[in-house]
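The values are calculated or read from the model by the stated rules, or taken from the named source; none is laboratory data. Note that the structure is a prediction, hence the values are computed from the model and not measured. Note that we place each Cβ from the backbone using ideal geometry, even for glycine, and neighbour counts take in every protein chain shown. Protein only, heavy atoms only, side chains kept; ligands, DNA and RNA dropped before computing areas. Shrake-Rupley method; radii C 1.70, N 1.55, O 1.52, S 1.80 Å.
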Amino acid sequence: MQATSNAFRANARVGLANPTLQSALGKMKVGFPTKRAEAVAKLPEFDALRDQARDIKNHVLENIDWYLERFEQRVTEAGGHVHWARTPEEAREIVLGICRRLGARTVTKGKSMIAEEIGLNAHLEKHAIEPVETDLGEYIIQLRNEAPSHIIAPAVHLTKDAIEADFRRAHSHLDARRDLTEPQSLVAEARGILRKRYFEADVGITGANFLVAETGSSVIVTNEGNGDLTQLLPKAHVVLASLEKIVPTLEDASTILRVLARSATGQEMSVYTTFSTGPKRAADLDGPGEYHVVLLDNGRSALLGTEFQEILRCIRCGACMNHCPVYGAVGGHAYGWVYPGPMGAVLTPSLIGVENARPLPNASTFCGKCESVCPMRIPLPKMMRHYRAREWERKLGTRVSRLALGAWAWAARRPALYRFVAARAMSALGWLGRRHGSFFNLPLASGWTATREFPAPQGRTFQDLWRERRRAGGGS
Amino acid sequence: MSGARDAILGGIRRSLGRGALDAARVATLEARLDGHPRGQLPARAQGLDRAGLLDLLERQAKAVACSVARVRSAAEVPGELARYLKSQNLPSRVEMSPDPTLDAVPWSAAPMLEIARGKPSGEEGVGVTSACAAVAETATLVIASGERSPATMNFLPDTHVVVLPASRVVGPLEDAWDRLRAASAAPMAAATMPRTVNLVTGPSRTGDIEQKIEMGAHGPRRLHLIVVEDDALA
Amino acid sequence: MSETQTRARPRVGLFATCLVDLFRPSVGFAAAKLIEDSGCDVEVPEGQTCCGQPAFNSGDNADAAALARRAIAMLEGYDYVVVPSGSCGGMIREHYPELLAGDREWAPRARHVAARTWELTAFLHEVRGLRIEGVRHDGVVTYHDSCSGLRELGVKAQPRALLAGVAGATLKELPGAETCCGFGGTFCVKYPEVSDKMVAEKAADILATGAGTLLAGDMGCLMNMAGKLKRMAMEEGARPIEVRHVAEVLAGMAQDAPPIGEAG
């Protein structure tokens, strides 16, 4: 998927001005955090589980080569195939190869961020294979030819009215007078249309929330059941997973599952958590005849051993973006690539290079809310700061900001000069602002004063006044 | 393809500043897989007797819109199924997986039930299955695919009814994994793991439209659990 | 009991912070009074400039480290370092050790200062057990929890406990008290439209409480929120709200200076 992350500021302005998005974000900002808080309140062990989940993933990352090999061995024993892809191109070719060999014409898809990352849909379409998104949110944005704006709720940026309009436009074969006022009617309509596609599909492609080394299983987590119909009915089940999805055992998966749904939607368990292992067994009554796991690297192995390794603990729950005030102001599309919000601000530069995503680590106040809700205890602000340091070293910031910050730091190391300049500047500003108490307009701070008053200083510095009062006898 | 495999594994090792793991380290990792240690289990799912487990299961099921009926013996199952279908205004025609657990139920006791055993036809009617276990902690049904257990029966019907002996109700999810391991002939390697293990917690739903929960997205919109309390139907 | 605690009156180095020093000295005086009331001797180390957070958060680790060393050298002789700001306090307490971790000489000195550094309300309440008495501020007040103070230093209950001692003041909790106000240092300069959206929502929440006074413990947040509230009063007829640093009210010095953004 092409990144427009460098245009974050312009994208953000578009998002701020979009009333549909703002209405949708308003609901999201209340809904998700409330549900998570309720779920956490009901599980006293939640914080201890976060620690254990973090420790499991840290353990895996230290030994990930061995665990991947063990996973591959088990998948093969079960009659499945593991394919290794260094790049999005290699991954696309592997999937295309499987589809072609099976003469696939249509392919159903469960939600997969890796599929977005490698640009799979466009590639399949270019080769006359039709991908059909089955997750309702993904289906909706597929109709709109849009990218997902959230990693678990891809259509969160849309209102019900917007979705109704899309359905009417796209499902033109249905009676135009039908009543779609209730959201349930939209769900039923999508269900009816997609049901047929499940049976027509030649190949079913899903992502994976986890890969279990012990058993060679892939795990998907859905509420709809779409990922299951996607994998059970066609000739082949193809799983797209990045390397760091691996966990050692079924028990480890269970520990992390306990924090995943609660962090994402406030549910204790998602409706359908499915462990898939290999193709159908000889005597099975149903199931796919082939099972393929495509393991994608795309920069993850290079993050190991660096100050960014911890982003590889991410389990894609979305809690960070649900709670992020910046995401909640501008929406997911502003981030310009597959992964939005705080985790996107770290993962995007990690995978596509910080020079292609310069604004993302900067578009944060470091309020720390993301880290406080992350089930895997990922220190997101710290890693964003590391990217800011990389940008500083590589001089990727604007000249003006580098000059201003450099000048401030330079002066701050020279207290006599600092005190001299500060006293003069604050005296002047204080005098200028004395009548109103604030500035309606302040050159050099026009971004601020466009919509806010800038409070005037009191006119003297604290240190000067303190020194004076001390000399006059007595402290305060 | 071995080019990519070697490159990726090599890249991982280079990043971690080491070669492939030595035998001692491998032995530790093997031991951890064999021992599959559990993490912290929620207190509410532990130390419960049969009655406690069933109560917890019912409470949790209610929270996820899964209805529960308790019957004393297999003989009462057909009547309960008929009653449930009537209460939901559903026809008394059901598709039923060929699960041996369901063989032991005297279905003829409810002659109004029309039962088709086998794979689901794809029609969106009523599907009846059993389950390997029910996890009381979260009211999660553990259903494994197999030669008598089509996984599609959990998804294609519009209404899903699960008949479960009470002895298969466990506290935490980890107990269900141990049951699956015990049921397979060999250690839980891929060859003995069922193709599909579905953990089902309530009926299908979506929140994709303005975060309002709507039922019946793709899977069943109703889930009904019939728990059989005597142990004859183990 | 360490030797510092057996001395009768601890020596506190007040690190005023650049925003207090440059924009609102009243906060510095209020902080000094409160620290003295709590039984300590207050000194304002000479030549304070900046804790280095703007450089640190911009990725300029070299300048940040230089400023950190300066600050450490200036502060390491005190029993406590008290800061009327969660973000500068957090910088010293949480980030100085991190920033200088690789420096053989300065790492232990950073840790020494960090261990003794406290945000003002946390110091008064937790360390000194100060009871606010004989102070009055009539009306409904609401409180914004600044992010660094809240999440880096655990400042939440302390200002509220202290405010409970202020006669006549009724605290009405701000819904979303823990939501970022949109200041974020350089963030409000780099992404002013996003920052404005965040502070507009914060202002709406503040107005909806019906409070007459907004308090917080960080000048950056306060200037941001005061600026927005005042502009809304000017252009949209929104109710005017008095914005102050919590130290001013706790010290009973609110009448000594106009609120933030208001003329005398």
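The table below gives the values:
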read-out: Across chain A: Cys residues that no other cysteine approaches within a C-beta distance under 4.7 Å; value: A:99, A:314, A:317, A:324, A:374
read-out: Chain A, relative contact order [Cα under 8 Å, separation at least 6], %; value: 21 percent
read-out: Estimated FRET transfer efficiency (residue B:75, residue B:14; beta-carbon r; R0 60 Å; 0.05); value: 0.35
read-out: Placed amide H near residue A:82: partners under 5 Å, 5+ positions off or other chain; value: A:293
read-out: Sequence of B:81, A:396 from largest to smallest accessible area, 1.4 Å probe; value: A:396, B:81
read-out: Residues in region A:402-427 occluded by at least 20 Å² - accessible area, probe radius 1.4 Å, against chain by itself; value: A:405, A:408, A:409, A:412, A:413, A:415, A:418, A:426
read-out: For region C:17-34, residues shielded by at least 40 square angstrom of accessible area compared with the chain on its own, probe 1.4 Å; value: C:21, C:22, C:23, C:25, C:29
read-out: Separation of alpha-carbon centers, region A:264-329 and region C:85-114, rounded to whole Å; value: 37 Å
read-out: Selection of trypsin sites (Lys or Arg not before Pro), region A:145-216, meeting DSSP coil and at most 12 other Cβ within 10 Å; value: A:177, A:178
read-out: Karplus 3J(HN,Hα) series, Hz, for region C:163-179 with 6.51 cos²θ - 1.76 cosθ + 1.60 (x for Gly, Pro); value: 4, 4, x, 8, 5, x, 9, 10, 8, 10, 5, 8, x, x, 4, 8, 8
read-out: Nearest-10 value in Å² for the accessible area of residue A:240, using the 1.4 Å probe; value: 0 Å²
read-out: Residue mean of other protein chain beta carbons inside 10 Å, B:131-143; value: 2
read-out: Heavy atoms of residue A:408 accessible to a 1.4 Å probe, total area in Å² rounded to 10; value: 80 Å²
read-out: For residue A:130, residues with placed amide H under 5 Å, excluding near neighbours; value: A:106, A:107
read-out: Expected 222 nm ellipticity per residue - DSSP helices of 4 or more, -39500 (n - 2.57), all of chain C, to 500; value: -12000 deg cm²/dmol
read-out: Stretch gain in nm, segment residue B:32-residue B:213, where the contour uses 0.36 nm per residue and the Cα spacing is subtracted; value: 61.2 nm
read-out: Inter-label distance, nm, simple model (7 Å from Cα along the C-beta direction), residue B:104/residue A:432; value: 8.8 nm
read-out: On Cα atoms only, tilt of C:25-37 relative to the major axis of chain C in degrees; value: 60 degrees
read-out: Residue-averaged [θ]222 nm for chain A, counting only DSSP H segments that reach four residues, each worth -39500 (n - 2.57); value: -15500 deg cm²/dmol
read-out: Accessible area buried at the B-A interface, both sides summed, 1.4 Å probe (Å², nearest 100); value: 7800 Å²
read-out: Calculated [θ] (222 nm, deg cm²/dmol) that DSSP helices of n ≥ 4 give over chain B, each run adding -39,500 (n - 2.57); value: -9000 deg cm²/dmol
read-out: Gap separating the Cα centres of region A:102-143 and region A:343-357, nearest whole Å; value: 24 Å
read-out: Relative contact order of chain B, pairs being alpha-carbon contacts under 8 Å that are 6 or more residues apart, as %; value: 23 percent
read-out: Counting DSSP beta bridges with both ends in the protein assembly as shown, the antiparallel % (nearest 5); value: 25 percent
read-out: Of all DSSP beta bridges in chain A, antiparallel share, percent nearest 5; value: 30 percent
read-out: Loop chymotrypsin sites (Phe, Trp or Tyr not before Pro), region A:243-317, which have at most 15 other Cβ atoms in a 10 Å radius of their Cβ (DSSP); value: none
read-out: Packing rank of A:220-227, C:113-120, B:172-179, A:421-428, where each peptide gets the mean count of other beta carbons within 10 Å, highest leading; value: A:220-227, C:113-120, B:172-179, A:421-428
read-out: Solvent-accessible area of residue A:173 with every protein chain in place, 1.4 Å probe, in Å² to the nearest 10; value: 130 Å²
read-out: Rounded FRET efficiency, nearest 0.05, which uses the C-beta distance separating residue C:105 from residue A:425 and R0 of 30 Å; value: 0.30
read-out: Average beta carbon contacts from partner chains per residue of A:147-155, 10 Å cutoff; value: 1
read-out: Cα centroid separation, region C:196-264 to region C:127-191 (Å); value: 12 Å
read-out: Largest to smallest accessible area among A:401, A:218 [probe 1.4 Å]; value: A:401, A:218
read-out: Between helix A:88-101 and chain A: long-axis angle, C-alpha atoms, 0 to 90°, nearest 10; value: 20 degrees
read-out: Contact order normalised by residue count of chain C, Cα under 8 Å, 6+ apart, percent; value: 18 percent
read-out: Solvent-accessible area, 1.4 Å probe, carbon plus sulfur percent, for region C:1-135; value: 46 percent
read-out: Using a Förster distance of 51 Å, the FRET efficiency for residue C:204-residue B:112 (Cβ separation, nearest 0.05); value: 0.25
read-out: Paramagnetic reach from residue C:172 in region C:218-251 [backbone N under 14 Å; point 7 Å along Cα→Cβ]; value: C:239-242
read-out: Size of the C/A contact, given as accessible area buried on both chains, probe 1.4 Å, in Å²; value: 5800 Å²
read-out: Solvent-accessible heavy-atom area per residue, rounded to whole Å², over the protein assembly as shown at 1.4 Å; value: 35 Å²
read-out: Shielding score for A:226-235, defined as the mean number of other chain Cβ atoms within 10 Å; value: 4
read-out: Carbon plus sulfur fraction of accessible area for region A:392-460, probe 1.4 Å, in percent; value: 65 percent
read-out: Heavy-atom accessible area ranking, 1.4 Å probe, most first, across C:156, A:395; value: A:395, C:156
